[in-house]
1. Among the residues of the range 252-279 satisfying the criterion of being without any contact (Cβ under 8 Å) to a residue 24 or more places away in the chain and assigned to a helix (DSSP H, G or I), which is surrounded by the most Cβ atoms within 10 Å (Cβ to Cβ)?
2. What helices (runs of 4 or more DSSP H) lie completely within the range 39-129 and have 2 or more residues being surrounded by fewer than 19 Cβ atoms within 10 Å (Cβ to Cβ) and in contact with a strand residue (DSSP E or B) (Cβ under 7 Å, 6 or more places away or on another chain)?
3. Search the range 210-251 for residues being within 34 Å of the chain's Cα centre (by Cα) and part of a loop (DSSP other than H, G, I, E, B), and hand back the single one that is modelled with the lowest pLDDT.
4. Name the single residue, out of those in the range 339-353 being over 13 Å from residue 74 (Cα atoms) and hydrophobic (A, V, I, L, M, F, W, C), that is surrounded by the most Cβ atoms within 10 Å (Cβ to Cβ).
5. If the Cβ limit is 6 Å and pairs must be 6+ apart or interchain, which residue in the range 86-100 that is under 10 Å from residue 127 (Cα atoms) pairs with which residue that is assigned to a helix (DSSP H, G or I)?
6. Which numbered condition in (1) of a type outside the set (A, V, I, L, M); (2) touching a helix residue (DSSP H, G or I) at 6+ places or on another chain (Cβ under 7 Å); (3) on the phi < 0 side of the Ramachandran plot is the only one that residue 62 fails?
7. Scan the range 56-66 and give yes if some residue there is under 18 Å from residue 100 (Cα atoms) and aliphatic (A, V, I, L, M), otherwise no.
Amino acid sequence: MRSRSGNEIPEGPIYSHRFRIRNLSFLLIGDEWGITRLKINSGRQPCAEEEGSLSSPERFSNAEQQLREYFGGQRSCFDLKLNPRGTPFQQSVWKVLSRIPYGELRSYSEVAATLGKPAATRAVGMANHRNPIPVIIPCHRVVGIRGDLTGYAGGLELKQYLIDLERISRIFSALSAHYGDIARADYGYGPSWWPAKSPFEMMVGAILTQNTSWKNVEKALDRFGDRLTPVFIRDCPGDVLADIIRPSGFFKQKALKLKALVAWFAGYGFDVDRIRERSTAALRAELLAINGVGPETADSILVYGLGKPSFVIDAYTRRIFSRLGFQPPDDYDAFRERMEGCVPDDLSSHDYYHGLIVEHAKAFCRKNPSCGICPLKSSCCYAQEPDLV
Ligand code: SF4
């Protein structure tokens, strides 16, 4: 066996460790000198055990932690001892790959040029493909000359996911640096752009805001006075309720929707804490079964009314990410799952990141965008070529 420097080294024990992050399964393999391989399986099946290796979670605890942070969008580089096996040429390619900055892409020919071997594009492609420690040595940051994904040992879906993860993390970092805590919800109650006095008022607001501006919602909420309670809405005749919420538009339909929401709430004895005991997935399914609650309303209620992590996809999200060049799927859930896979899986991130989107859509990325001093300008397709987006 040879070390990275090419010297003969004695055979020693091989260690391994398997674990899962999100819906990915990992197998880290290493020896006394560092990590030699990383296998990633994106199916439900865990990676197969490495024959002849000693299971050693302690030895890989730091690497696992760093990978968890990376996949949570909270780490942009790794600090680990690596010992990938390969020819001197492959080793030189992997070194260049390791220097490609987080969130950026290079073509095979650019990597070859960096190596001082501009004609070695094919050989670079082969060395890229043979990278034994993907993600940590970021071969996914190398694409075809026109930005096409070409190939990836772990599959193109995984490569696209890693590219999305890094770009989306960088976008939210830039937005966070620009807006700071303005966009953060404080549960005393609700973010500054969605004030409410209680979780129930937040849920009512989520229905009333459908197809209208927040100004009109505020007018409707004001007309409740101190009657904005689930018992009042349950017992109030439908035509009276419709008249109260008239400023929010579509008031007859919205009155029926509020009645349906309150009937669901009554099943929990109007107790928000009892609702919160249920899982996010179960609650989402229940909310979607209520008349007038679509996916955007359901996710808004989950995050801002019930304190459950769920990514809200609204017109602002779609507009900004389309202009940034993400080609969001038309299907709501496909887009939501894509975003959820790229942001930390906790409530404070979900509400904060949506808050950042709202702030940005109001401050810069309006229908007629102000790209000149936008903090995302350098990574925005629309700002470079508006006709193509
Ligand atoms: S550069 Fe322009 S289009 Fe792009 S995100 Fe900023 S405001 Fe929107």
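1. If we take residues in the range 252-279 being without any contact (Cβ under 8 Å) to a residue 24 or more places away in the chain and assigned to a helix (DSSP H, G or I), then 255 is surrounded by the most Cβ atoms within 10 Å (Cβ to Cβ).
2. Those helices (runs of 4 or more DSSP H) span 61-71.
3. So the residue we want is 213.
4. 339
5. Between residues of the range 86-100 that are under 10 Å from residue 127 (Cα atoms) and residues that are assigned to a helix (DSSP H, G or I), the close pairs are 90/127; 93/124; 93/127.
6. Unmet for residue 62, out of (1) of a type outside the set (A, V, I, L, M); (2) touching a helix residue (DSSP H, G or I) at 6+ places or on another chain (Cβ under 7 Å); (3) on the phi < 0 side of the Ramachandran plot: (2).
7. No, every residue in the range 56-66 fails to be under 18 Å from residue 100 (Cα atoms) and aliphatic (A, V, I, L, M).
Rundown of residues vs (1) at pLDDT 95 or above; (2) in contact with a Cys (Cβ under 8 Å, 6 or more places away or on another chain); (3) among the acidic types (Asp, Glu); (4) assigned by TED's automatic domain parsing to the domain that holds residue 76, yes/no style:
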site: 282; (1), (2), (3), (4): yes, no, no, no
site: 286; (1), (2), (3), (4): yes, no, yes, no
site: 305; (1), (2), (3), (4): no, no, no, no
site: 310; (1), (2), (3), (4): no, no, no, no
site: 319; (1), (2), (3), (4): yes, yes, no, no
site: 326; (1), (2), (3), (4): no, no, no, no
site: 338; (1), (2), (3), (4): no, no, no, no
site: 342; (1), (2), (3), (4): no, no, no, no
site: 355; (1), (2), (3), (4): no, no, no, no
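The values are calculated or read from the model by the stated rules, or taken from the named source; none is laboratory data. All of these numbers come straight from a predicted model, not from anything done at the bench. Note that each Cβ is placed from the backbone with ideal geometry, even for glycine, and that neighbours are counted across all protein chains shown.
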